[in-house]
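The values are calculated or read from the model by the stated rules, or taken from the named source; none is laboratory data. Everything numeric here is computed off the predicted structure, so don't read it as measured data. For neighbour counting, all protein chains shown are included, and Cβ atoms are generated from backbone atoms with ideal geometry for every residue, glycine included.
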Amino acid sequence: MSPASPSESPAAESAAPVVEAPSTLAARVLAGARELHPAYFALVMATGIISNACHLLGFRLIALALLWLNVVFYLSLWIMTSIRLRCFTSSFVADLRDHNRGVGFFTMIAGTCVLGSQCQIILARPEIAAGLWVIGLLLWVLLTYTVFTNLTIKHSKPELARGINGGWLVAVVGTQAVSLLGGQVSHYLEPSQQGVLFVSLIFWLGGGMLYVWIISLIFYRYTFFALEPSDLAPPYWINMGAMAISTLAGTVLIDQSPASPLLESLAPFLSGVTLLFWATATWWIPMLIILGVWRHGYRRFPLRYDPLYWGAVFPLGMYTVCTDRLIQVLPLEFLAPLPRAFIYIALGAWALTFCGLIGMLARLVRGPRGNA
């Protein structure tokens, strides 16, 4: 901007219109699209997995209501993302190259596959689920190599303490979501069932290795760098959620092993690693609760709506489902009280976060107050 001319005195400036928030709904929607966080598809992930949990534990009406609500969420987020890509391309690309926001794009993969899992489990529509699996697989290829290539070749990079967080593990969640849905729809793709199950196995193993790489950096950051309450953003719950979805994907592979000679030959390995994943997820829960109390109780960090909180709701629902399915494929009936308790915790967390979302949407529709 050029320097102000002499006529642009302070008095003249005070007489000029004040730039305020967009006053029309269309302008506010555009502003919302511009600022849309790449990780917002965690809303679909959280709603979808809690819907599945409700279905498996007998809350069928709630499960169905959440399914149709999730369809609305999914389509709305793709519309907003398309607007952002079309109208605010530079902002979209900048997020792809950002160490903190770029990994949020992996929620698109996980959200797509979790919605597909809903269609398979609740609606018994494997053809829709298979279509969403193909979309999720394509998104995985596109986003994995776009995001990680950009983060690798960029010249200016943040220090580890500022560049790594629990949100990075959404890359693991997206990978395991592809494995999970592939195993669930493999019977529908019968001519290619062996190939689909092999792909699911490879993604499951690759996702487990990716977790080892990333969690090592996160754990190192937590224990050897100063930690402020603001550093413990809600996605740190993905530390647990990534292992929970890995457990669930493992149970599907165990369940499908009679249909695949390869999986059948690996049955003891699948059971052992799946139990390892569940044990790791369980280990994280007390630790994350303690850190949450420290953040909001001891350090008084304000608790207000943030789209990233959906990344904290998702692991609660996923732990509920993975534990329920683990009981079905391994002789662990004594664990049955866990998912029955966690479903209420997950539903409560979803309801509280949903209230925050409704409040935000109400403010968007109402617009700024006091406009002429």
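Assorted remarks:
- Residues (modelled with pLDDT of 90 or more and either assigned to a loop (DSSP other than H, G, I, E, B) or touching a strand residue (DSSP E or B) at 6+ places or on another chain (Cβ under 9 Å) (or both)) located in the range 305-320: none
- Pro331 passes every criterion in (1) out of contact with any His (no Cβ under 9 Å at 6 or more places or on another chain); (2) assigned to a helix (DSSP H, G or I) apart from (2).
Residue-wise test of (1) of a type outside the set (Phe, Trp, Tyr); (2) surrounded by fewer than 21 Cβ atoms within 10 Å (Cβ to Cβ); (3) without any contact (Cβ under 8 Å) to a residue 40 or more places away in the chain.
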{"position": "Gly292", "(1), (2), (3)": "yes, yes, no"}
{"position": "Gly297", "(1), (2), (3)": "yes, yes, yes"}
{"position": "Thr320", "(1), (2), (3)": "yes, no, no"}
{"position": "Asp324", "(1), (2), (3)": "yes, no, no"}
{"position": "Gly348", "(1), (2), (3)": "yes, yes, yes"}
{"position": "Ala351", "(1), (2), (3)": "yes, yes, yes"}
{"position": "Ala362", "(1), (2), (3)": "yes, yes, yes"}
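- Scanning the range 78-115 for residues that are within 28 Å of Arg162 (Cα to Cα), surrounded by 14 or more Cβ atoms within 10 Å (Cβ to Cβ) and among the hydroxyl-bearing types (Ser, Thr, Tyr) turns up Thr81, Ser91, Thr107.
- Tally, over the range 151-210, of residues that are farther than 19 Å from Gly136 by Cα, polar (S, T, N, Q) and within 22 Å of the chain's Cα centre (by Cα): 1
- Where Phe198 falls short, out of the listed (1) closer than 21 Å to Thr112 by Cα; (2) crowded, with 24+ Cβ neighbours inside 10 Å: (2)
- Residues that are farther than 17 Å from Asn52 by Cα and buried (at least 24 other Cβ atoms within 10 Å of the Cβ) within the range 180-193 comprise just one, Ser186.
- Of all residues in the range 68-101, those that are in a helix (DSSP H, G or I) and closer than 17 Å to Tyr40 by Cα total 23.
- Matching residues, the range 211-228, being surrounded by 13 or more Cβ atoms within 10 Å (Cβ to Cβ) and free of Cβ contacts under 8 Å to residues at least 40 places away in the same chain: Tyr222, Leu227
- Just so you know, in the range 255-287 the residues that are free of Cβ contacts under 8 Å to residues at least 60 places away in the same chain and among the hydroxyl-bearing types (Ser, Thr, Tyr) include one that is farthest from Phe203 (Cα to Cα), and it is Thr282.
- Subset tally (residues that are without any contact (Cβ under 8 Å) to a residue 24 or more places away in the chain and either in contact with an Asp or Glu (Cβ under 8 Å, 6 or more places away or on another chain) or closer than 16 Å to Ala110 by Cβ (or both)) for the range 43-88: 1
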